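The values are calculated or read from the model by the stated rules, or taken from the named source; none is laboratory data. If you're wondering where the values come from, they're calculated on a predicted model, not measured in any experiment. FYI the Cβ positions are ideal-geometry reconstructions off the backbone, even for glycines, and counts take in every protein chain you see. We work out accessible area using only protein heavy atoms, side chains counted, and drop any ligands, DNA or RNA first. Shrake-Rupley method; radii C 1.70, N 1.55, O 1.52, S 1.80 Å.
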Amino acid sequence: MIQAKNIKKSYDGNSILSGIDLTIEKGELVTIIGSSGAGKTTLLQILGTLDKPDSGELIINNTPVHNLNDKKISKFRNNDIGFVFQFHHLLPEFTALENVIMPGLIQGRKKSDIEAKANELLKTLKIDHRATHKPSEMSGGEQQRVAVARALINEPSVILADEPSGNLDSNNADELHNLFIELKNSLQQTFIIVTHNRELAALSDRVIEIADGQIIKNDKV
């Protein structure tokens, strides 16, 4: 479903990615590990179309996204890619439900339809009792579940997560990891997750290790 070919990226003359070749299948949960500065987050940002490679090809769902202009990339990203970040990035002035429906509104869907889908997701993720609460009224684990619901609202081809449990205690981290596994199994949802958490890596289908901008390990668990 995702194919990256010879992806290279440099900043200020420093090579961050030096020829990444990667294939991700539909329904896979893949974790990316490596030391700080190895290029993990840069690769995730390129796979998520948040950054562009200096050279190489990126094909997602048969779409060569490296050839799209900025307007088309933005539309593709909204339709096909969901994001979960370490610090949630929920809008503080909006409720959980309002945060979840935001990508659907940007997509131009009917508000009543999006709200129905959002309520269904919040129930599935066992956070529907917080639908009318703002982020400041929720725990870190609850906020992260809302962030996952927001990532799922447009039924994306892939969800990209950058250290999603890095700001959670061990109990909430375990719950989040189990949630990813449930979503993979029930929805055939594809996940690419950058993590330092070895427990999460052990639960994944495949572990990719990056060092010095290159893949040094690409093993099924």
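Any chance you could count how many residues in region 195-209 are among the β-branched types (Val, Ile, Thr) and open to solvent by 10 Å² or more (accessible area, probe 1.4 Å)?
Looking only at region 195-209, we keep the residues that are among the β-branched types (Val, Ile, Thr), and these are 195, 207-208.
Narrowing the set further to residues that are open to solvent by 10 Å² or more (accessible area, probe 1.4 Å) leaves 207.
Total satisfying the criteria: 1.
For Glu57, all conditions in the list (1) in contact (Cβ under 8 Å) with a residue 40 or more places away in the chain; (2) loosely packed, with under 13 Cβ neighbours inside 10 Å; (3) of a type in the set (Asp, Glu) hold save one; what is the number of the exception?
With respect to (1) in contact (Cβ under 8 Å) with a residue 40 or more places away in the chain; (2) loosely packed, with under 13 Cβ neighbours inside 10 Å; (3) of a type in the set (Asp, Glu), Glu57 is out only on (2).
Is it true that some residue in region 64-77 is basic (Lys, Arg), more than 21 Å from Pro156 (Cα to Cα) and in a helix (DSSP H, G or I)?
Within region 64-77 (the criterion being basic (Lys, Arg), more than 21 Å from Pro156 (Cα to Cα) and in a helix (DSSP H, G or I)), the answer is no, since none of the residues qualifies.
Kindly provide the set of residues from region 25-47 that are touching a helix residue (DSSP H, G or I) at 6+ places or on another chain (Cβ under 7 Å) and outside any strand (DSSP E or B), ordered by number.
Passing the criteria: Gly27, Gly34.
If you scan region 43-54, which residues turn out to be under 13 Å from the mean Cα position of the chain (by Cα) and either open to solvent by 60 Å² or more (accessible area, probe 1.4 Å) or touching a residue at least 40 places away in the same chain (Cβ under 8 Å) (or both)?
Answer for region 43-54, where residues must be under 13 Å from the mean Cα position of the chain (by Cα) and either open to solvent by 60 Å² or more (accessible area, probe 1.4 Å) or touching a residue at least 40 places away in the same chain (Cβ under 8 Å) (or both): Leu43, Leu44, Gln45, Ile46, Leu47, Gly48, Leu50.
Exactly one of (1) among the polar types (S, T, N, Q); (2) exposed (fewer than 13 other Cβ atoms within 10 Å of the Cβ); (3) in contact with a helix residue (DSSP H, G or I) (Cβ under 8 Å, 6 or more places away or on another chain) is unmet by Asn67. Its number?
(3)
Among the helices (runs of 4 or more DSSP H) contained in region 93-194, which hold 2 or more residues that are loosely packed, with under 15 Cβ neighbours inside 10 Å, polar (S, T, N, Q) and out of contact with any His (no Cβ under 9 Å at 6 or more places or on another chain)?
Details: elements: 96-107, 111-124, 140-152, 170-187.
Output list reads 170-187.
When region 145-184 is examined, which residues are found to be under 18 Å from Glu199 (Cα atoms) and in contact with a Pro (Cβ under 7 Å, 6 or more places away or on another chain)?
Leu176
Which condition does Lys123 not pass, out of (1) more than 25 Å from Asn61 (Cβ to Cβ); (2) under 13 Å from the mean Cα position of the chain (by Cα), if it passes all the others?
(2) is the only condition that Lys123 fails.
Can you report the number of residues in region 11-42 which are open to solvent by 50 Å² or more (accessible area, probe 1.4 Å), touching a residue at least 12 places away in the same chain (Cβ under 8 Å) and small (Gly, Ala, Ser)?
Going through region 11-42 one residue at a time, the tally reaches 2.
Residues being under 18 Å from Gln86 (Cα atoms) and in contact with a helix residue (DSSP H, G or I) (Cβ under 8 Å, 6 or more places away or on another chain): count how many of those fall in region 182-221.
8
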